[in-house]
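First comes the structure, then the notes that go with it.
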Amino acid sequence: MAWRPTEIPDQTGRTYVITGANGGLGAVTTGVLAAKGATVVMACRDAEKAKKVADDIEGDVRVAELDLADLASVREFAEDRSEFDVLINNAGLMNVPFSRTKDGFETQWGVNHLGHFALTGLLLDRITDRVVTLASIAHKQTPKLRIDDLDYEHRRYQRNLAYAQSKLCNLMFARELQRRLAEAGSAKRSYGVHPGVSATDLFAHTETPIDRIAKPFIRLIGHSPAKAARSTLFAATMPDADPEVYWGPSRLFQTRGPVDASPSSRLSKNKDLWERLWAESERLTGVTYKF
């Protein structure tokens with residue numbers, strides 16, 4: 001029988017930090033967790049927009065400003081956090097025109113991966129339970145990981161491949177974090193999940209005519225944000241969820257359906273690349289993990 005959010009245990013006394021929670025899957029996840037009794041911190045770049053969303057959610061929901069495109073903002077956010085249970089690395093950009101973050105990184109990679117890498121590392125000593133990082137089935141679209149040019153300084157920018165690269169990095173990061181936690185004998189866990197395909201605002205910021213038709217088309221092949229958020233909710237709340245499994249929708253080429261173990265690309269399982277990506281991420285962000 002397919003897993004449903006009704007199976008989530010009572011979350012009273014537990015605190016979650018969710019990035020990019022002011023819309024789409026983040027807002028859905030926030031609402032479900034708050035309804036189960038959790039305290040939820042919505043970590044968002046647009047705090048005013050987040051407050052409007054929070055006002056419509058019943059429960060203990062708080063808003064904090066966090067700009068993943070600015071490492072100074074990431075550090076400031078982390079300094080203000082006390083101990084909490086679960087970090088959900090949900091925020092993301094998809095297929096946007098070429099630009100760079102405040103720190104000079106290609107924006108999709110800088111926000112989707114490096115921002116979350118730095119955030120997780122700075123908060124790890126205050127996370128008591130687990131980290132959930134959202135990847136994507138799009139990670140399969142990139143044929144290789146250019147560790148020597150992750151920032152698109154020496155190759156032509158292709159927005160779809162840049163997005164795929166960032167999502168591959170999300171999955172590799174989640175797996176390498178779990179490997180290092182287990183090696184250190186930590187009880188903390190790291191999960192990589194994906195939502196399948198859903199018509200969220202992620203599909204409306206490419207600044208091309210595609211924005212007008214993307215969401216209606218995606219509705220035909222994907223599933224609702226409420227269902228797309230289930231893999232995140234499952235990994236974030238279920239005590240027996242296996243961190244070695246890549247959780248996501250299991251039907252129609254993993255675009256929709258009940259939560260189950262999901263396949264990933266051969267490249268995503270390359271442990272040598274996990275370590276090289278980790279080392280490069282520490283070098284670029286200046287954040288060194290302590291286990």
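The values are calculated or read from the model by the stated rules, or taken from the named source; none is laboratory data. Please read all numbers here as calculations on a predicted model, not as lab measurements. Here Cβ is always computed from backbone atoms with ideal geometry, including for glycine, and neighbour counts include all displayed protein chains.
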I'd like the residue in the range 232-256 that is hydrophobic (A, V, I, L, M, F, W, C) and without any contact (Cβ under 8 Å) to a residue 60 or more places away in the chain and, out of all such residues, is surrounded by the most Cβ atoms within 10 Å (Cβ to Cβ).
TRP247
Filter the range 59-87 for residues that are at pLDDT 95 or above and of a type in the set (Asp, Glu); the one that is surrounded by the most Cβ atoms within 10 Å (Cβ to Cβ) is ASP67
For the range 172-291, list the helices (runs of 4 or more DSSP H) that sit wholly inside it and hold at least 2 residues that are touching a strand residue (DSSP E or B) at 6+ places or on another chain (Cβ under 6 Å) and modelled with pLDDT of 95 or more; which are they?
230-237
Given the structure, is SER82 free of Cβ contacts under 8 Å to residues at least 60 places away in the same chain, of a type in the set (Ser, Thr, Tyr) and part of a loop (DSSP other than H, G, I, E, B)?
yes
Boolean, VAL259 is within 16 Å of VAL132 (Cβ to Cβ) and either in contact with a Leu (Cβ under 8 Å, 6 or more places away or on another chain) or surrounded by 21 or more Cβ atoms within 10 Å (Cβ to Cβ) (or both)
yes
Please verify whether VAL96 is buried (at least 24 other Cβ atoms within 10 Å of the Cβ) and among the aliphatic types (A, V, I, L, M), treating the condition exactly as stated.
no
Consider LYS36 carefully, then state whether it is out of contact with any Leu (no Cβ under 7 Å at 6 or more places or on another chain) and either free of Cβ contacts under 8 Å to residues at least 60 places away in the same chain or at positive phi (or both).
no
Given the structure, is LEU66 over 21 Å from THR237 (Cα atoms), free of Cβ contacts under 8 Å to residues at least 60 places away in the same chain and aliphatic (A, V, I, L, M)?
yes
Is it the case that the range 128-143 has a residue that's among the small types (Gly, Ala, Ser), under 15 Å from GLN108 (Cα atoms), in a loop (DSSP other than H, G, I, E, B) and free of Cβ contacts under 8 Å to residues at least 60 places away in the same chain?
yes
Against the conditions (1) more than 15 Å from LEU87 (Cα to Cα); (2) in contact with an Asp or Glu (Cβ under 7 Å, 6 or more places away or on another chain); (3) not aromatic (Phe, Trp, Tyr), where does THR15 fall short? Just the number, please.
(1)
Could we say that ALA38 is at pLDDT 95 or above and under 26 Å from GLY104 (Cα atoms) here?
no
Test: LEU122 is touching a Gly at 6+ places or on another chain (Cβ under 7 Å) and closer than 30 Å to GLU79 by Cα
no
Subset of the range 32-58 that is touching a helix residue (DSSP H, G or I) at 6+ places or on another chain (Cβ under 7 Å) and farther than 19 Å from GLU83 by Cβ - its residue that is surrounded by the fewest Cβ atoms within 10 Å (Cβ to Cβ):
GLU58
Residue list for the range 24-63, restricted to those being under 17 Å from the mean Cα position of the chain (by Cα) and outside any helix (DSSP H, G or I)
VAL40, VAL41, MET42, ALA43, CYS44, ARG45
